[in-house]
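The structure appears below as structure tokens.
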Amino acid sequence: MSHPDRSSTAEREVVDLCRDLIRIDTSNYGDSSGPGERAAAEYVAEQLAEVGLEPEIFESQPGRASTVARIEGADPSRPALLIHGHTDVVPANAADWTHHPFSGEIADGCVWGRGAVDMKDMDAMTLAVVRDRMRTGRKPPRDIVLAFLADEEAGGTHGARYLVDNHPGLFEGVTEAISEVGGFSFTVHENLRLYLVETAQKGMHWMRLTVDGTAGHGSMTNHDNAVTELCEAVGRLGRHKFPVRVTKTVRSFLDELSDALGTELDPEDMEETLARLGGIAKIIGATLQNTAAPTQLDAGYKVNVIPGQATAHVDGRFLPGYEEEFLADLDRILGPRVRREDVHADKALETTFDGDLVAAMQSSLQAEDPVARAVPYMLSGGTDAKSFDDLGIRSFGFAPLKLPPELDFAGMFHGVDERVPVDGLQFGVRVLDRFIEQS
């Protein structure tokens with residue numbers, strides 16, 4: 001399928017859409033203290049309404065807004081496809097960036113800004129493709145539900161979770177979905193590029209750890225110091241190496257990678273292999289085991305007062321099928337003095353890498369990149385797919401991007417100087433359009 005004029009229109013538009021979205025500050029601090037997503041939701045709704053769709057905006061609380069629209073397919077009797085993305089972003093400190101994080105500046109062939117890869121790029125690609133198809137009267141083969149969601153960066157409570165719990169009818173008939181952190185390329189050599197499609201993601205336990213001790217004067221000896229006890233426990237946890245556990249998805253990825261590299265891979269000895277994976281090594285390395293990363297510490301109010309309580313926060317992630325083992329390991333490592341409570345928890349997901357939707361991904365990628373090979377992988381983080389799983393929707397990470405080999409793609413997520421190549425966005429538009437046609 002080749003539509004040079006149509007493609008060039010969508011490819012030109014996707015860059016402007018991405019820049020516009022980046023310029024809308026939707027920083028999510030996790031406590032609703034940020035600007036919210038209302039401005040982005042209204043922008044998306046305007047872009048969809050302009051081409052004849054009837055989007056709706058849903059607010060879970062003032063300012064926390066998501067936009068949903070349905071496109072009628074050529075065969076409405078078929079199960080529908082959900083394409084979802086989030087419009088919120090993690091905060092950014094402008095002083096740390098080469099270009100202002102909310103400028104949407106184009107430099108060095110890239111669009112720069114917070115959300116450029118997580119995930120206003122996919123939002124823009126979806127809008128560009130949908131607007132083009134609506135303008136040219138090309139119905140998708142089946143109904144498509146579009147959801148541009150709030151609050152994914154804080155667990156989705158005010159976005160996907162709110163819609164699933166309060167407006168499930170929006171997703172009536174949907175059986176499959178695509179969204180972020182998948183479909184991006186890893187160049188093995190000039191004759192082979194792997195495109196990693198996310199078919200699994202780790203579950204989460206964001207935890208607060210608390211230790212109670214005896215308060216007292218800082219000048220006196222205190223053998224029941226809450227700060228000491230907590231720091232020792234957090235130190236044990238932060239240094240702990242959880243055992244390697246190879247899930248079905250990771251096994252499939254390692255088999256594909258073994259074939260691509262022409263060498264047998266031992267999951268127990270991945271140091272050398274990970275060194276060859278460049279920017280995706282961080283993501284892949286974290287899918288070989290459960291993880292628990294201490295991220296915050298808090299105690300005391302004055303230097304000469306020993307506090308009666310100390311707290312820490314930990315970002316815990318567990319592999320599909322290993323939640324019970326993970327929690328048991330946590331309690332053993334932390335010890336009896338540490339009280340553990342979840343501040344946010346969600347399940348792990350894993351699906352198989354097969355079916356017509358996967359075939360459509362592979363063929364649409366190869367049509368634009370003849371040396372492409374789609375392979376399954378596990379995401380070390382989580383997405384809004386966890387909420388949609390409660391409706392029985394089978395989800396994949398497929399936001400297609402052809403990336404230069406030297407780009408540290410994993411480092412772009414929540415990192416400084418986040419950016420996406422302009423030609424990567426345009427590639428994504430072409431692939432996504434083909435994918436919709438074949439899905």
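Quick look at the numbers
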item	result
From the options 344, 414, residue that is at positive phi and either surrounded by fewer than 16 Cβ atoms within 10 Å (Cβ to Cβ) or modelled with pLDDT under 95 (or both)	414
All positions within region 390-435 that are in contact with a strand residue (DSSP E or B) (Cβ under 6 Å, 6 or more places away or on another chain) and over 28 Å from residue 9 (Cα atoms)	393, 394, 395
Cβ-Cβ under 6 Å pairs, at least 6 apart or on other chains, region 414-439 side under 21 Å from residue 362 (Cβ atoms), far side at pLDDT below 95 and crowded, with 24+ Cβ neighbours inside 10 Å	429/10
Identity of the residue in region 85-107, touching an Asp or Glu at 6+ places or on another chain (Cβ under 9 Å) and acidic (Asp, Glu), that ends up surrounded by the most Cβ atoms within 10 Å (Cβ to Cβ)	88
Cβ pairs under 6 Å, 6+ apart, first in region 1-28 and at pLDDT below 75, second buried (at least 23 other Cβ atoms within 10 Å of the Cβ) and part of a helix (DSSP H, G or I)	7/430
Of all residues making up region 182-219, the number that are farther than 25 Å from residue 301 by Cα, among the small types (Gly, Ala, Ser) and surrounded by fewer than 24 Cβ atoms within 10 Å (Cβ to Cβ)	1
Hey, residue 398 buried (at least 22 other Cβ atoms within 10 Å of the Cβ), among the hydrophobic types (A, V, I, L, M, F, W, C) and modelled with pLDDT under 95 or not	no
Which numbered condition residue 403 misses (of (1) assigned to a loop (DSSP other than H, G, I, E, B); (2) over 26 Å from residue 203 (Cβ atoms); (3) open to solvent by 20 Å² or more (accessible area, probe 1.4 Å); (4) touching a residue at least 12 places away in the same chain (Cβ under 8 Å))	(3)
Region 276-331: number of residues that are of a type in the set (A, V, I, L, M), assigned to a helix (DSSP H, G or I) and out of contact with any helix residue (DSSP H, G or I) (no Cβ under 7 Å at 6 or more places or on another chain)	3
Hits in region 361-372 (condition: open to solvent by 10 Å² or more (accessible area, probe 1.4 Å) and out of contact with any Lys or Arg (no Cβ under 7 Å at 6 or more places or on another chain))	362, 363, 366, 370
Within region 220-256, considering residues that are over 16 Å from residue 308 (Cα atoms) and hydroxyl-bearing (Ser, Thr, Tyr), the one surrounded by the most Cβ atoms within 10 Å (Cβ to Cβ)	249
Yes/no for residue 73 being of a type outside the set (A, V, I, L, M), in contact with a Pro (Cβ under 7 Å, 6 or more places away or on another chain), touching a residue at least 60 places away in the same chain (Cβ under 8 Å) and more than 30 Å from residue 395 (Cα to Cα)	no
Every residue from region 243-265 that is farther than 25 Å from residue 190 by Cβ, in contact with a Leu (Cβ under 9 Å, 6 or more places away or on another chain) and without any contact (Cβ under 8 Å) to a residue 60 or more places away in the chain	244, 246
Flag if residue 144 is surrounded by fewer than 24 Cβ atoms within 10 Å (Cβ to Cβ), out of contact with any strand residue (DSSP E or B) (no Cβ under 7 Å at 6 or more places or on another chain) and either at negative phi or hydroxyl-bearing (Ser, Thr, Tyr) (or both)	no
Top-ranked residue of region 285-296 - restricted to ones that are hydrophobic (A, V, I, L, M, F, W, C) and out of contact with any Ser or Thr (no Cβ under 8 Å at 6 or more places or on another chain), ranked as surrounded by the fewest Cβ atoms within 10 Å (Cβ to Cβ)	293
Selection count where residues are within 19 Å of residue 424 (Cα to Cα) and surrounded by fewer than 19 Cβ atoms within 10 Å (Cβ to Cβ), scope region 111-141	0
Hits in region 25-60 (condition: within 19 Å of residue 167 (Cβ to Cβ), open to solvent by 60 Å² or more (accessible area, probe 1.4 Å) and in a loop (DSSP other than H, G, I, E, B))	54
Odd one out for residue 74 among (1) within 20 Å of residue 411 (Cα to Cα); (2) over 23 Å from the mean Cα position of the chain (by Cα); (3) in a loop (DSSP other than H, G, I, E, B)	(1)
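Here's the yes/no breakdown for (1) charged (D, E, K, R); (2) closer than 26 Å to residue 176 by Cα; (3) crowded, with 20+ Cβ neighbours inside 10 Å:
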position	(1), (2), (3)
10	no, yes, yes
17	no, yes, yes
73	no, yes, no
78	yes, yes, no
109	no, no, no
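The values are calculated or read from the model by the stated rules, or taken from the named source; none is laboratory data. None of the values given here were measured: they were computed from a predicted structure. Here the Cβ is made from the backbone with ideal geometry for all residues, glycine too, and neighbour counts use every protein chain on show. Side chains included, ligands, DNA and RNA excluded: accessible areas come from the protein's heavy atoms. Shrake-Rupley method; radii C 1.70, N 1.55, O 1.52, S 1.80 Å.
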